[in-house]
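Each remark here refers to the structure printed beneath this line.
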Amino acid sequence: MSASCRHVGAVSLLGALLAGCGEAPAIEATATAWPEADALFHADPRWLGADDAYSVDLGGGRVLWLFGDSFIATSDANVRGESRLVRNSIAIQNGYDPSEAAIAFFWNGPKDEPASFFPEKDGIWYWPGDGERVGDELFLFMMAVRAASGGLGFEVFDADVFVVENPDDAPPAWVMKELEMPSNDDGVIVGSASVLAHDGHLYAFGADESGGHDIHLTRFPLPASGHIDFTKPEPLGLAFEDGQTELTVHHDRARDLWISVQTEGFGASDLALRTASDLRGPYSDLETFYHPPESDREDTIVYAGKGHSELEGADLVVTYASNSLDFPTLVADTSLYFPRFVRVTLRTP
């Protein structure tokens, strides 16, 4: 794809396609905030916000939420100033409409010392990538992270995968084990973006963390019986450029399109999408569809834009995260760091 085709944010997808920038059909998206759904993430007074926010359909109206750094209250005051920031937490939502659903949050440790749901080891912690339920098993891809000098103070350097053998049980009773998956030499964090089962394979989109955020695609055969062999990944190469570490790809059955959702840029970011007729592409260029109001605030970053195709209440339900570059502001300002919901209306011209 040419440079001119990668930077056409001011034109519509239809115009980009007519200009020869891809083969995917055009789609128009408009979006509005959904405060009634935002209340879902305020249901537990001890869970005081997080980022990441991948969702996985467990079936039967149950949805797994996977969160990154999470504020967990350590006192009855239930304020961030008296909390611990654990590296990850999860939740189970019951009901597909987030504005009406119930939710329960999970982490480890006693009240005064909360701990990550997926424990740290040897100076490495986990931020969740995406996951997928396949039959009776749940596969969760994790970003392996460690402290680093410079930048934002961390480095996403590898990916691990876990299998939950009993995902229908409550998370404290999960039987979970880590599976072997080799690192790659290209800096691609397999599964950091989106994971989905399709056409006899488990596909994992991952960002190239070696110097950019181009998105690469890897797949693993789904055997008729037995477990997925993660030791033999099949790299499929570049899916599209100008991605993010975290994003989603899903199939829109109503329009028979593959839609990828992400934030565009760093800091004062917008929500944007691209489309393709085939999972493997080619994908259209990004089209902005929503400007989060947090992006207009000083020292605030907006990131982790994701679509949640299993959720109801709109043509597409999207969330994003907001954060502050000033940690005391983040602790004091609870209008930040709770994931926000957006309702998206899609139309094919």
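Write down the accessible area per residue of segment 133-291 in Å², having rolled a 1.4 Å probe over the full set of protein chains.
43
So what's segment 225-300 giving for Rg/Rh, alpha carbon basis, Kirkwood Rh from the mean inverse pair distance?
Over the Cα atoms of segment 225-300, Rg/Rh equals 1.09.
At q = 0.18, 0.26 Å⁻¹, what log₁₀ I(q)/I(0) does segment 46-116 have when each alpha carbon counts as one equal point scatterer in the Debye sum?
Ignoring solvent entirely, the Cα scatterers give -0.68, -1.09.
Which number comes out as Rg/Rh for segment 68-184 once both Rg and the Kirkwood Rh are worked out on C-alpha atoms?
Rounded to two decimals, Rg/Rh equals 0.99.
With the Cα gyration tensor of segment 193-349 in hand, give its eigenvalues times 5 under a square root as the equivalent ellipsoid semi-axes, listed largest first in whole angstrom.
Gyration-tensor ellipsoid for segment 193-349: 29, 19, 15 Å.
What residues have an amide H closer than 5 Å to that of Thr248, excluding those fewer than 5 places away on the same chain, when H is modeled at 1.01 Å from N in the peptide plane?
Val261, Gly307
Based on the Kirkwood radius over alpha-carbon pairs, what value in µm²/s does the Stokes-Einstein equation return for the translational diffusion coefficient of the chain at 4 °C and 1.567 mPa s?
Taking Rh from Cα pairs, D becomes 63 µm²/s.
What Kirkwood radius, in Å to one decimal, follows from the Cα pairs of segment 151-277?
This gives a value of 16.1 Å.
With every protein chain kept in the model, how would you rank Arg80, Arg343, Arg87 by accessible area, 1.4 Å probe, largest at the top?
Largest accessible area first, the list is Arg343, Arg87, Arg80.
Cut-off under 24 Å on the C-alpha distance; same-chain residues fewer than 8 positions from Lys177 excluded. Which lysines are left, in chain and number order?
Lys121, Lys232
Whole Å is fine, so just give me how far the alpha carbon centre of segment 128-144 lies from that of segment 271-333.
21
What's the percent breakdown of Cα-Cα distances in segment 29-73 across 10 Å bins, shortest bin first?
That works out to 22, 46, 30, 2, in percent per bin.
Hey, with R₀ at 35 Å, roughly what FRET efficiency would Ala104 and Glu241 work out to, going by the Cβ-Cβ distance, to 0.05?
0.35
The values are calculated or read from the model by the stated rules, or taken from the named source; none is laboratory data. Remember, predicted model here, so these are calculated numbers, not experimental data. Methodologically, a virtual Cβ is constructed for each residue, glycine included, from the backbone with ideal geometry; neighbour enumeration extends over all protein chains shown. The protein model used for the area step is the full one, side chains on, heavy atoms only, and it has no ligands, DNA or RNA in it. Shrake-Rupley method; radii C 1.70, N 1.55, O 1.52, S 1.80 Å.
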